[in-house]
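Inspection log for the structure reproduced underneath, given as structure tokens.
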Amino acid sequence: KEQMAESLREGRLLVFFDRVVPDYPDLQKEWVMREPFLVALNQKNPLSAKEAIHFSDLRDQPMISGRFPRNVKKPTHALVRHYGFDLHIVQRTDNLISAVSMVAGGFGSCFIPQSLQILKLPNVVYRPLVAEIDVGIDLYCIFRPGAQPDLLRDFLDIVRSHGGATGLHTGQLFPPTD
């Protein structure tokens, strides 16, 4: 993230997309879409026999988590707060593909955005996450504020129209209100 943010600042990059993004005072981020969470499970995990995984099923399960900056709320924060228990984190990684690879190796389970289920690894199954509260993982578009090159302006128009075409609210400036 920091390398991409620095590339934006230096003008070597026009835009990047990411899911868990700290507030950069000198950059602009727009919410693009929210995806439902899935749980990536090793097929040897007894929970893999279920069609869906309720968040409470994950109490005491070994979980793989991302490494998040201190000033960023974790995507599962609302779930942990609502259900009143912390997840049992046994591994941390910097990216989702590594997390799913660890699931394949039997190190634990992890949350992924629905779009990542296209990643087919041996021994990994994906199940929808069921919870009493609405949760998901947000995707953001990050770019420099101010005057924009035509290419970036056209690209952002396409991103915004895609969200509108799928019924998703786009272009919401952050910080969001909770």
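Straightening the chain between residue 10 and residue 115 buys 34.7 nm, computed as 0.36 nm per residue apart minus the Cα-Cα spacing. Across the range 8-144, the relative contact order, built from alpha-carbon pairs under 8 Å that are at least six residues apart, equals 48 percent. Candidates 114, 141, 99 compared by Cα position along the dipole of the chain: farthest toward the positive end lies 99, with charges placed on Cβ. Solvent-accessible surface of the chain, averaged per residue with a 1.4 angstrom probe and all protein chains in place: 57 square angstrom. Computed from Cα positions, the angle between helix 150-165 and the longest principal axis of the chain comes to roughly 40 degrees.
Between the listed residues 42, 14, 55, the Cα displaced farthest toward the positive end of the dipole of the range 1-58, a dipole computed from Cβ unit charges relative to the Cα centre, is found at 42. Between residue 78 and residue 44, how high is the FRET efficiency from 1/(1 + (r/R0)^6) when r is the Cβ-Cβ distance and R₀ = 35 Å? Nearest 0.05. It comes out at approximately 0.75. Here the calculated FRET efficiency for residue 104 and residue 54, from their Cβ-Cβ distance with R0 = 30 Å, stands at 0.85, rounded to the nearest 0.05.
The slack in the chain from residue 97 to residue 85, taken as 0.36 nm per residue of separation less the alpha-carbon distance, amounts to 1.7 nm. Secondary structure note: in the range 1-129, about 55% of the DSSP beta bridges are antiparallel. Counting only aspartates and glutamates at least 8 places from residue 44 when in the same chain, those with an alpha carbon closer than 16 Å to its own are 57. Each Lys and Arg adds +1 at its Cβ and each Asp and Glu adds -1 at its Cβ; summed about the Cα centre, the chain shows a dipole of about 400 debye. Using a 1.4 Å probe on the protein chains only, how many percent of the accessible area of the chain belongs to carbon and sulfur? Within the chain, the accessible surface is 53 percent carbon and sulfur. Most tightly packed first, judged by the mean number of other beta-carbon atoms within 10 Å of their residues, the peptides 35-43, 152-160 read 35-43, 152-160.
Whole percent per 5 Å bin, from 0 to the bin with the longest distance: what is P(r) over all C-alpha pairs of the chain? P(r) for the chain, in whole percents per bin: 1, 8, 15, 18, 18, 15, 12, 8, 4, 1, 0. Three principal axis extents of the range 1-96 based on alpha-carbon atoms, in descending order, are 49, 27, 25 Å.
The values are calculated or read from the model by the stated rules, or taken from the named source; none is laboratory data. Remember, predicted model here, so these are calculated numbers, not experimental data. Neighbour counts are summed over all protein chains in view; Cβ atoms, including those assigned to glycine, are modelled from backbone coordinates with ideal geometry. To get the accessible areas, we keep the full protein, side chains included, count just its heavy atoms, and leave off ligands, DNA and RNA. Shrake-Rupley method; radii C 1.70, N 1.55, O 1.52, S 1.80 Å.
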